[in-house]
Structures are given as structure tokens and as C-alpha cells.
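Heads up, the thing below is written out as C-alpha cells.
The values are calculated or read from the model by the stated rules, or taken from the named source; none is laboratory data. What you see is a predicted model, and the numbers here were worked out from it, not measured in a lab. So basically every Cβ, Gly included, is an ideal-geometry build from the backbone, and we count neighbours across all protein chains shown. In case anyone asks, the SASA skips ligands and DNA or RNA and just uses the protein heavy atoms, side chains included. Shrake-Rupley method; radii C 1.70, N 1.55, O 1.52, S 1.80 Å.
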Amino acid sequence: MAFEKVKEIIKESPAFTQLTDLAAERLGGKVLYATDDFFAEKENLIAPTRGIFITDKYTDRGKWMDGWESRRKRTPGHDWAVIQLATSGKITGFDIDTNFFLGNHPPHASIEAVNLESTDGITDWENVTWKEILPKSHLDAGSQNFYECESNEIFTHLRLHIYPDGGVARLRVYGEVFKNWDAVSTNQQIDLAATINGGQAIACNDMFFSDMSNLIMPNRGANMGDGWETKRNRTPNNRDWVILKLAHQGMVDSIIVDTCHFKGNYPDSCSIEACASDNDNVENADWKILLPQQKLNADFIHEFGNEINKGQVITHVRLNIFPDGGVSRLRIFGKIVK
């Protein structure tokens, strides 16, 4: 059902939270404007991780809060903020997270969206032709508020309304990256696995310490938690693995395996397999060796070129690590095949 709130009795997050957070700061999302962020800055809305609470921390304006918080409104109207998505995309669902906002959360929120080629010259966000994609909906205090979105349109910017005022810790905007592949030349080398291009981490056997999706985020890892790390495995000859769906089918030219920050817990070695499939049910696909098993070093950028079995048109890759450990980033550089 459109805009149906996920029932509170469901303990696990809805399936759409496995999609890309199109608004994420770490991907390049930005909060461009807010009517009021007196108590807590608007930029916190799209920060990584859930908001935290520090009991005795105050600012000269009041209690420090890890989120976006406006002052108590004493005039008609309500507050709102404009978010520029990191990349254009189709939105599937939202998480309007009021974590630690207990006596100061907004009782309701709504969301509008628009597709803009450029924001040059925009000085009045109220005059933009917004389209409502989440009607005014109830928010619970101190909790993740999940809502589905059934719009199939491509959007670049959102406007989050809160009624009438208060604090929201985080806004997550889950969906699918849209990239105009007609504008990408078959001679142009790109990172076929990168999240910002539409790549996705779709399965792994273990991500005990940190999430598999970190592998294909921009930049180098910020710390040891900003990577994919499995637990210690005592099984002889163990292999941990993660499967990535490429943004577009293509042929690989070079690969980077980065163990940044992983010093006492990097894998001893790795290999990469690849396959071509028209769906994501690939665990039993016809996997072929793309990169034969290679020794790895701690906290190091490993670049592979001549070692790669080139010439395969592929849609998915499987990174194998032996026996376990952490990898910060995986880059699959190549050219698309149309």
C-alpha cells in the first residue's frame, strides 16, 4: 500500500533499507537550506551512523543534539529543509529517524521532491515546483520512522517538512541510482562497482564488524570501521566472500584492493571471480576467475592490471578473502559494454 508505515512490531528494517541512501553525506549529499536550525545544524540530517546523545554536552544555545533541531515556533507555519541528493535516483523508501529526540521531536513530517538540472539562480526554494511524495505522516519520538514511496520518477532534491518544529536526527532516502548511460562512452574508463555509479553490494557470508556496502563508497576509508570486516574464523582453509552487482555490464581493465587501516586484521590473500547474469540470483552462477589469488599487505593500496584475466563481459563480481579479515575499498575499473 502506498505510503504505508512499517508496523512497529517488525523488529528488522524493511527491505528497502538495503538499497543506496541517495542523500548520504558520504556519497556527496548536501543540506542546502533550512528555515531554522537554531539548536542543531541542518547538516547533521545526512551524517553517517545514527545520532548519538551526550548527557552533559551543551552549547551557548542550549542542549547539544546530534541532528537537525529548530527552535520552538511561536508564529504560524512550520519548518522545512532542502536536501540535494548525492546523485539523481528513484526513491523507494525513507527513514525519518528521531533518535534521542524525545520531548522535542516533530509529531508529523512530509516530503516533497523535484528533478532539477541545475540550482543556479535559485534563491527562493518555496517557488520551486515541488511534488509531494510522502503525505503528512506521524512520527514517533526516539525511533526510526520507515515509510515507503511508490513514485517511479527520478528526483535530485527533496524538501523535508516538519510540523510544526522540533528535531530529526537523520533522514535516509533509500532508492536506486539513476545514471544516463547514453552519455557514457564505451571508451571511458569508470569504476564499474562504485555506489555513486549504481553499483551495489548484494550478498556476503559475513559482515560481523562492518558493512559490505562500505567497500564501494567514495574516497579511502575514514577508519577501520569504514570497510568490510568479517569475524575471526577458526575453520581451516576458510574463505569469506562478498558479491557486488556492477553499475553496468562491462569489461575490466584494472582493480584496486585497498586494506587502508586494516593492520592486524587484513586478509592474507584474495581472489576475484566474475559472471554475467541478467538477474541477481548469482550464487550458483558460472563464475570465472577474474583475478587469481593474490597476497595482500596491511594498510596498503594493491593495484592489479596484468594479473587480471581480461576480455570477459561481466555484470557481477565476487571478492574472496582468505581466511578472513577486513578490506576497506574495492575498485573495479573498466569500460561499459552496451
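What to note about this one:
- Test for ILE133: is it farther than 26 Å from ALA193 by Cβ, of a type outside the set (Lys, Arg) and touching a Pro at 6+ places or on another chain (Cβ under 8 Å): no
- Residue that is nearest to VAL168 (Cα to Cα) [pool: residues in region 56-93 that are aromatic (Phe, Trp, Tyr) and in contact (Cβ under 8 Å) with a residue 40 or more places away in the chain]: TRP68
- Residue in region 121-128 that is open to solvent by less than 50 Å² (accessible area, probe 1.4 Å) and assigned to a strand (DSSP E or B) present: no
- Single residue of region 164-192 satisfying the filter (out of contact with any Leu (no Cβ under 9 Å at 6 or more places or on another chain) and aromatic (Phe, Trp, Tyr)) that is nearest to ILE91 (Cα to Cα): PHE178
- Only residues that are touching a residue at least 40 places away in the same chain (Cβ under 8 Å), more than 16 Å from ASP79 (Cα to Cα) and open to solvent by 40 Å² or more (accessible area, probe 1.4 Å) were counted across region 130-140, and they come to 1.
- Filtering region 129-150 to residues that are hydrophobic (A, V, I, L, M, F, W, C), assigned to a strand (DSSP E or B) and within 21 Å of THR35 (Cα to Cα) leaves ILE133, LEU134.
- Contacts under 6 angstrom Cβ, first residue in region 159-178 being touching a residue at least 12 places away in the same chain (Cβ under 8 Å) and of a type in the set (D, E, K, R), partner surrounded by 24 or more Cβ atoms within 10 Å (Cβ to Cβ) and not in a strand (DSSP E or B), 6 or more apart: ASP165/SER70
- Residues satisfying the stated conditions in region 87-119, i.e. over 23 Å from ILE52 (Cα atoms), assigned to a loop (DSSP other than H, G, I, E, B) and at pLDDT 95 or above: ASN115, LEU116
- Considering (1) more than 22 Å from GLN189 (Cα to Cα); (2) of a type in the set (Val, Ile, Thr); (3) buried (at least 16 other Cβ atoms within 10 Å of the Cβ), the lone condition that VAL317 does not fulfil carries the number (1).
- For the residues ASN104, ASN99, the requirement of being polar (S, T, N, Q), open to solvent by less than 40 Å² (accessible area, probe 1.4 Å) and over 12 Å from ARG172 (Cα atoms) singles out ASN99.
- Segments classed as strands (runs of 3 or more DSSP E), wholly inside region 193-284, with at least 3 members that are open to solvent by 10 Å² or more (accessible area, probe 1.4 Å) and among the aliphatic types (A, V, I, L, M): 200-204, 240-258
- Residues within region 264-293 that are of a type in the set (S, T, N, Q) and in contact (Cβ under 8 Å) with a residue 40 or more places away in the chain, tallied: 3
- Scanning region 24-57 for residues that are open to solvent by 50 Å² or more (accessible area, probe 1.4 Å), under 23 Å from LEU102 (Cα atoms) and either in a helix (DSSP H, G or I) or β-branched (Val, Ile, Thr) (or both) yields THR35, GLU43, THR49, ILE52, ILE54, THR55.
- Number of residues in region 157-182 that are open to solvent by 20 Å² or more (accessible area, probe 1.4 Å) and closer than 25 Å to LEU192 by Cα equals 9.
- Scanning region 294-309 turns up no residue that is among the basic types (Lys, Arg), in a loop (DSSP other than H, G, I, E, B) and modelled with pLDDT of 95 or more.
- Taking each residue of region 27-55 that is closer than 19 Å to ILE122 by Cβ and of a type in the set (Phe, Trp, Tyr) and looking for partners that are modelled with pLDDT of 95 or more and not in a loop (DSSP other than H, G, I, E, B) with beta-carbon atoms closer than 6 Å, six or more apart or interchain, yields TYR33/VAL82; TYR33/TRP125.
- Within region 295-311, tally of residues that are open to solvent by less than 50 Å² (accessible area, probe 1.4 Å) and basic (Lys, Arg): 0
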